Amino acid sequence: MSEKTPLLQVKNLKQYFKVSNNYTVRAVDGVTFDIYPGETYGLVGESGSGKSTIGRSIIRLYNPTEGQIIFDGTDISGKLDKKATAALRTQMQMIFQDPMACLNPRKKVGEIIGEGLDIHHLYANRKERQDKIDRILAKVGLAPEHADRYPHQFSGGQRQRVGIARALIMNPKLIIADECISALDVSIQAQVVNLMKDIQEETGTAYLFIAHDLSMVKYISDRIGVLHLGHLLETGTTEEIFAHPVHPYTRSLLSAIPSPNPVVEKSRVAESYDYATSGLDYNAGSLHQLEGTHQVWGTDEDVARWLAK
Ligand SMILES: Nc1ncnc2c1ncn2[C@@H]1O[C@H](COP(=O)(O)OP(=O)(O)OP(=O)(O)O)[C@@H](O)[C@H]1O
Ligand SMILES: [Mg+2]
């Protein structure tokens with residue numbers, strides 16, 4: 001994968017929020033990772049670790065405090081001109097946890113899905129617009145007549161399909177999926193993830209897949225980044241992370257996953273991790289290159305100690 005040029009490069013991204021005169025939240029504190037065309041990068045971490053903030057900074061809902069975001073060869077971290085903004089609003093799309101919250105309840109699904117086409121004038125006539133909507137509905141497993149219904153007439157899984165259709169109709173190069181399956185039943189989660197995988201195979205779109213749940217991330221991601229308290233502690237291929245977790249926080253996340261095999265599950269030992277008592281300082285150290293694409297953050301001594309285990 002390294003011979004390809006990344007679609008997205010996030011370099012030392014910092015996103016601070018000044019809450020009061022003497023308090024600033026360092027939601028994202030020096031995060032670096034790449035996403036290659038057509039791949040899925042899974043970003044995992046507990047609540048408040050900065051996952052959504054990273055997604056929102058990338059899509060430029062915030063002005064990054066520091067660092068660089070390069071998308072498809074263009075630096076998008078500074079002030080954007082009209083052309084760059086329009087490109088960003090089409091080529092990067094977002095799907096959210098609660099589709100109901102972002103789907104206008106008074107609009108029919110056809111209108112919701114067609115909105116991006118309208119804003120960016122992406123059709124020559126009504127027929128072409130309708131064809132595009134019908135095609136995208138079919139692609140996400142919905143019928144043409146669904147276009148005439150309102151969001152509340154759909155199930156949770158179907159609404160998430162509408163959310164995906166709305167993103168997909170813009171033909172994006174990157175889709176940021178922020179906890180997009182977390183609110184769904186487990187059986188429906190698998191359906192939606194499978195749909196996302198099929199769509200990726202067909203269209204070549206890349207995903208930034210944000211989740212708490214490592215088990216689903218494992219299933220969809222080519223590579224994974226582990227985030228804690230605004231710091232990216234470890235990154236690598238799914239295989240590298242699952243087979244050889246190095247950072248104690250990653251190890252604790254992995255050890256928390258129940259095994260479907262009862263024999264293995266019986267002997268599973270959850271490793272606890274508490275930053276306050278870990279003796280680690282996330283602001284000290286650097287990114288250490290391990291084998292392949294595997295990287296871990298720490299001081300030389302920390303990393304040597306972890307590797308010796
Ligand atoms: N606009 C804001 N102003 C102030 N603080 C913020 C703002 N947005 C996020 N934060 C803080 O930044 C930190 C990271 O928040 P973020 O929403 O990115 O976490 P998350 O990993 O997405 O969590 P969750 O899993 O709960 O969605 C939190 O401490 C949050 O309270
Ligand atoms: Mg979030």
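The values are calculated or read from the model by the stated rules, or taken from the named source; none is laboratory data. Everything numeric in this text was worked out from a predicted model, so none of it was measured. Note that we place each Cβ from the backbone using ideal geometry, even for glycine, and neighbour counts take in every protein chain shown.
Residue 81 meets the conditions (1) within 16 Å of ligand 1 (Cβ to nearest atom); (2) more than 28 Å from residue 257 (Cβ to Cβ) in every case but one. The failed one is (1).
Taking the criterion of being part of a loop (DSSP other than H, G, I, E, B), under 22 Å from residue 297 (Cα atoms), modelled with pLDDT of 95 or more and within 10 Å of ligand 2 (Cβ to nearest atom), would at least one residue in the stretch 50-59 satisfy it? Within the stretch 50-59 (the criterion being part of a loop (DSSP other than H, G, I, E, B), under 22 Å from residue 297 (Cα atoms), modelled with pLDDT of 95 or more and within 10 Å of ligand 2 (Cβ to nearest atom)), the answer is yes, since at least one residue qualifies.
For the criterion of being within 19 Å of residue 171 (Cα to Cα) and not hydroxyl-bearing (Ser, Thr, Tyr), residue 66 fails.
In the stretch 58-75, which residue that is over 14 Å from residue 230 (Cβ atoms) and touching a residue at least 40 places away in the same chain (Cβ under 8 Å) is surrounded by the fewest Cβ atoms within 10 Å (Cβ to Cβ)? Full working, then the answer.
Applying the first criterion (over 14 Å from residue 230 (Cβ atoms)) to the stretch 58-75 yields 58-61, 63, 68-75.
After this cut, where a residue has to be touching a residue at least 40 places away in the same chain (Cβ under 8 Å) as well, the list is 58-59, 68-73.
Numbers: 58: 24, 59: 20, 68: 15, 69: 20, 70: 17, 71: 24, 72: 17, 73: 9.
Filtering the stretch 58-75 for residues that are over 14 Å from residue 230 (Cβ atoms) and touching a residue at least 40 places away in the same chain (Cβ under 8 Å), the one surrounded by the fewest Cβ atoms within 10 Å (Cβ to Cβ) comes out as 73.
Restricting 254, 229, 233 to residues that are within 16 Å of ligand 2 (Cβ to nearest atom) and touching a residue at least 40 places away in the same chain (Cβ under 8 Å) narrows the list to 229.
Residues of the stretch 256-309 being part of a helix (DSSP H, G or I) and either touching a Lys or Arg at 6+ places or on another chain (Cβ under 7 Å) or hydrophobic (A, V, I, L, M, F, W, C) (or both), which ones? If the condition is that a residue be part of a helix (DSSP H, G or I) and either touching a Lys or Arg at 6+ places or on another chain (Cβ under 7 Å) or hydrophobic (A, V, I, L, M, F, W, C) (or both), then 263, 264, 276, 303, 304, 306, 307, 308 are the ones that fit.
Being within 25 Å of residue 76 (Cβ to Cβ), within 16 Å of ligand 2 (Cβ to nearest atom) and assigned to a helix (DSSP H, G or I) is a condition met by at least one residue of the stretch 92-111. Residue 271 meets the conditions (1) more than 24 Å from residue 53 (Cα to Cα); (2) touching a residue at least 12 places away in the same chain (Cβ under 8 Å); (3) in contact with a strand residue (DSSP E or B) (Cβ under 6 Å, 6 or more places away or on another chain) in every case but one. The failed one is (3).
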